[in-house]
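The structure under discussion appears below in the form of structure tokens.
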Amino acid sequence: MPHAHTDDGIALYYEEAGSGTPVVFVHEFAGDLWSWEPQLRHFARRFRVIAFNARGYPPSDVPERPEHYSQARAVADIKSVLDHLGVKKAHVVGLSMGGFATLHFGLTHPQRALSLVVAGCGYGAEPERRAAFQREAEEIAASIERDGMEAFAARYGKGPTRVQFANKDPRGFAEFRERLARHSARGSALTQLGVQRARPSLYDFADALAKLEVPTLIVTGDEDWPCLNPGLFLKRTIPTAALAVIPNSGHTINLEEPETFNRLLDDFFAQVEAGRWPRRDPRTLVRSSSGMLGP
């Protein structure tokens, strides 16, 4: 099995396929590299696609020490995979937990990113929701350690931003939930505590985001309620950002609506590689109540 090694000694399992411009996919908390399969199959036709399992997700290592899990580590792990594969620059695509890591990768290593796709990003980001989100992360970690992954997967699948996937694609959702049930309980609990609970708020990075020049596509489902306002915040703040909202969709948008998701990325990558991705025209920053007058 191929593994990339991090600077703190963790082995990260990865897979790659195809040739051409590199695209690296960074998975969500409830997923792993398998959850990018519709994208890997589609984009491997024209790109060199790379996906890896985060630390805590076998066959990647599951470190036992809580300090091995953090938002900064998640960012560094993307770089470790790219370094191991000799990739100087790549399109970086992340969903949810992976979306946060992707965005922070762009802030930390902008010279390594051709573009950023930040999907389903925003859970717990709003300052007024932060304390409740942290308490929820602690409860999730405790329940995983106490009851195991099968019980957690059964309960997690009934969440208000997951039922859309279950309703649209029962077979796909059943496979997603079955794979979640096989995740490492220890790795998942430590990821909840070290990465999810402890990550900083997006709103704390407003000044840095306003200076981000990497082409950025923000994607969210219109029923992924915790991500809607943060998505608008990112669109307003990042001068190179576009916002795509997928209708009647929840959180697992790359699996829930794979054709729509892939088409959005196809168009985005084509514009970026043609040098045609725009920076926001400052005249769009409307200050009048009618929207008819300029700044």
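The values are calculated or read from the model by the stated rules, or taken from the named source; none is laboratory data. All figures in this text were calculated on a predicted structure; none of them were measured in a lab. Using ideal geometry, Cβ is built from the backbone for each residue, glycine included, and neighbour counts are taken over all protein chains shown.
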Identity of the residue in region 117-141, out of contact with any Lys or Arg (no Cβ under 8 Å at 6 or more places or on another chain) and acidic (Asp, Glu), that ends up nearest to residue 197 (Cα to Cα): 136
For residues that are assigned to a helix (DSSP H, G or I) and either in contact with a Gly (Cβ under 8 Å, 6 or more places away or on another chain) or under 16 Å from residue 24 (Cα atoms) (or both), tally how many sit in region 109-131. 4
Quick one: in region 188-218, of everything that is in a helix (DSSP H, G or I), under 18 Å from the mean Cα position of the chain (by Cα) and not hydrophobic (A, V, I, L, M, F, W, C), which residue is surrounded by the fewest Cβ atoms within 10 Å (Cβ to Cβ)? 203
Report, by residue number, each residue of region 64-88 that is in contact (Cβ under 8 Å) with a residue 60 or more places away in the chain and more than 20 Å from residue 36 (Cα to Cα). 64, 66, 67, 68, 69, 70, 71, 73, 76, 83, 84
In region 132-154, what residues are part of a helix (DSSP H, G or I) and in contact with a helix residue (DSSP H, G or I) (Cβ under 7 Å, 6 or more places away or on another chain)? 134, 137, 138, 140, 141, 143, 144, 145, 149, 150, 152, 153
The listed residue being under 25 Å from residue 59 (Cβ atoms), exposed (fewer than 15 other Cβ atoms within 10 Å of the Cβ) and either under 20 Å from the mean Cα position of the chain (by Cα) or not aliphatic (A, V, I, L, M) (or both), out of 148, 172, 157, 98: 148
When region 88-139 is checked residue by residue, the ones that are modelled with pLDDT under 95 and hydrophobic (A, V, I, L, M, F, W, C) are 125, 131, 132, 133, 137
Restricting attention to region 155-174, the residues that are of a type in the set (Lys, Arg), touching a helix residue (DSSP H, G or I) at 6+ places or on another chain (Cβ under 9 Å) and free of Cβ contacts under 8 Å to residues at least 60 places away in the same chain number exactly 2
Please list, ordered by first then second residue, the pairs with beta carbon atoms under 8 Å, 6 or more apart or interchain, first in region 133-151 and small (Gly, Ala, Ser), second at pLDDT below 95 and exposed (fewer than 14 other Cβ atoms within 10 Å of the Cβ). 143/155
Tally up the residues in region 205-223 that are in contact (Cβ under 8 Å) with a residue 40 or more places away in the chain and more than 18 Å from residue 116 (Cβ to Cβ), please. 2
Which residue is farthest from residue 137 (Cα to Cα), if the candidates are limited to region 61-95 and must be crowded, with 18+ Cβ neighbours inside 10 Å and hydroxyl-bearing (Ser, Thr, Tyr)? 80
Go through region 175-187 residue by residue and tally those that are part of a helix (DSSP H, G or I), surrounded by fewer than 23 Cβ atoms within 10 Å (Cβ to Cβ) and small (Gly, Ala, Ser). 2
May I ask you to list pairs of residues, at least six apart or on different chains, whose Cβ atoms are under 6 Å apart, with the first in region 228-244 being touching a residue at least 24 places away in the same chain (Cβ under 8 Å) and among the hydroxyl-bearing types (Ser, Thr, Tyr) and the second being assigned to a helix (DSSP H, G or I) and surrounded by fewer than 17 Cβ atoms within 10 Å (Cβ to Cβ)? 237/206
